[in-house]
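Comments concern the structure below.
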Amino acid sequence: MSVRDVVSWTTLLMGYARGGYCEEAFAVFKRMVLSEEAEPNEATVVTVLTACASIGALSLGQWVHSYIDSRHDLVVDGNIGNALLNMYVKCGDMQMGFKVFDVIGHKNVISWGTVICGLAMNGYEKQTLELFSRMLVEGVEPDDVTFIGVLSACSHAGLVNEGVMFFRAMRDFYGIVPQMRHYGCMVDMYGRAGLFEEAEAFLRSMPVEAEGPIWGSLLQACKVYGNERMSEWIRVHLKGKNVGVGTLALLSNMYAYSERWDDANKVRKSMRGTGLKKLAGCSWVELESNNRLDSNLYVA
C-alpha cells in the first residue's frame, strides 16, 4: 500500500491479535509508533493491550502504557483505562492494577469486575470480598463476570456459607442466570471444603449438564480427601459421555493411586479408543523481579 493510515495499521494489528499472534500484534504496534506513519487511536491501543494481557506480557504492556502517557489526547479512562487495568491484573501486577483503577474517573461495572476477578485470580480472597462490598456501597450493580470473581474467592477461602449466599443473591436478587463457570465455582467450593453430599445435590439440581472441568475439579477434591465413593459415582455418571481428556486422565490416576489397576486401565483404554491424548501442561509466565506482589495488598 502506498498510503497506510491508522485504519490500515489497526486492521493488521487486529488480524494478528484475533488469530492468536499476540507478539506479532505488539510488533506491528511498535513499528507503527516508531515509524510515525500513522498515529494509533483508541481502538489500536485497546487491541494491543488486550493482546499483551492474553499472553501475560507485562513488559510489553508497560511499553504501551508509557506510550499512552506520552500522548495528551489518550486518557486512562473508559475503554483505554479498562484495557490497561485488564492487562495489569491478567499479568499479576495488582499494585499497578490498583493505581490504574484509582486513576479511572468513570468506573463502570467492567472496571470493578476486572479488579475483583483479578484479586480472586491472584489469591487475594479477603480483598476480593472487601472490594465487592465497596462496589455495592457505591451503587454499582454487579454483573455475571463480577460474581465469578466473588464465588471463586469464596471457593478458595473456604467460605461456603458466604458463597451460597452470593450465588442465591446473584440468581434471585439480581436476576442473573447462572452460567457454567458459576456452577463450576460452586462445585469447586463444595469439593474444596470436603462437602461431597452437598456437591452431589448441587450437581443434581443444575438445569444443565455439567462440563468436563467441573467434574475434574470434583475429582481432584476426591483425590485430596480420599473419597472413593464419590469418585465412583462420578465414573458411573460420566460413562458414555463426551468429557475432556484431562478429566479422564485424573480419574485413571485416582484408580492407580488406590491400586485399582483394572479400573485405571479401563479408563486409559477408553481414552485410546477415542483417540484422546493428554497434552503436556505448559504456561506462559513473564518474571519481573521488581514487580513482586505485596502479601499485604490494601483495598482502600
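The values are calculated or read from the model by the stated rules, or taken from the named source; none is laboratory data. Quick caveat, the model's predicted, so the values are computed rather than measured. Neighbour counts run over all protein chains shown; Cβ positions are idealised from the backbone, glycine included.
For the reader, a short list of remarks on this structure follows.
- Top-ranked residue in segment 106-141 [being of a type in the set (Asp, Glu) and free of Cβ contacts under 8 Å to residues at least 60 places away in the same chain; ranked as surrounded by the most Cβ atoms within 10 Å (Cβ to Cβ)]: Glu125
- Restricting attention to segment 161-210, the residues being without any contact (Cβ under 8 Å) to a residue 24 or more places away in the chain, within 22 Å of Val224 (Cα to Cα) and not assigned by TED's automatic domain parsing to the domain that holds Val224 number 1.
- Meets criteria (under 30 Å from Glu141 (Cα atoms) and in contact with an Asp or Glu (Cβ under 6 Å, 6 or more places away or on another chain)) for Gly92: no
- In segment 79-92, the residues that are farther than 15 Å from Glu42 by Cβ reach residues that are at pLDDT below 95 and part of a loop (DSSP other than H, G, I, E, B) with C-beta atoms within less than 6 angstrom, at least six apart or across chains, in these pairs: Cys91/Gly56; Gly92/Asn122.
- Count - residues of segment 73-89 that are assigned to a helix (DSSP H, G or I), among the aliphatic types (A, V, I, L, M) and out of contact with any Asp or Glu (no Cβ under 8 Å at 6 or more places or on another chain): 5
- Against the conditions (1) out of contact with any helix residue (DSSP H, G or I) (no Cβ under 6 Å at 6 or more places or on another chain); (2) surrounded by fewer than 18 Cβ atoms within 10 Å (Cβ to Cβ), Phe98 satisfies every one except (2).
- Only one of the numbered conditions (1) modelled with pLDDT of 95 or more; (2) surrounded by fewer than 19 Cβ atoms within 10 Å (Cβ to Cβ); (3) not assigned by TED's automatic domain parsing to the domain that holds Ile148 is not met by Lys241, and that is (1).
- Within segment 44-97, tally of residues that are of a type in the set (Lys, Arg) and within 18 Å of the chain's Cα centre (by Cα): 1
- The residue that is nearest to Leu74 (Cα to Cα), counting only those in segment 21-54 that are in a loop (DSSP other than H, G, I, E, B) and touching a helix residue (DSSP H, G or I) at 6+ places or on another chain (Cβ under 8 Å), is Asn41.
- Which numbered condition Ala57 misses (of (1) in contact with a helix residue (DSSP H, G or I) (Cβ under 6 Å, 6 or more places away or on another chain); (2) among the hydrophobic types (A, V, I, L, M, F, W, C); (3) closer than 24 Å to Gly113 by Cβ): (1)
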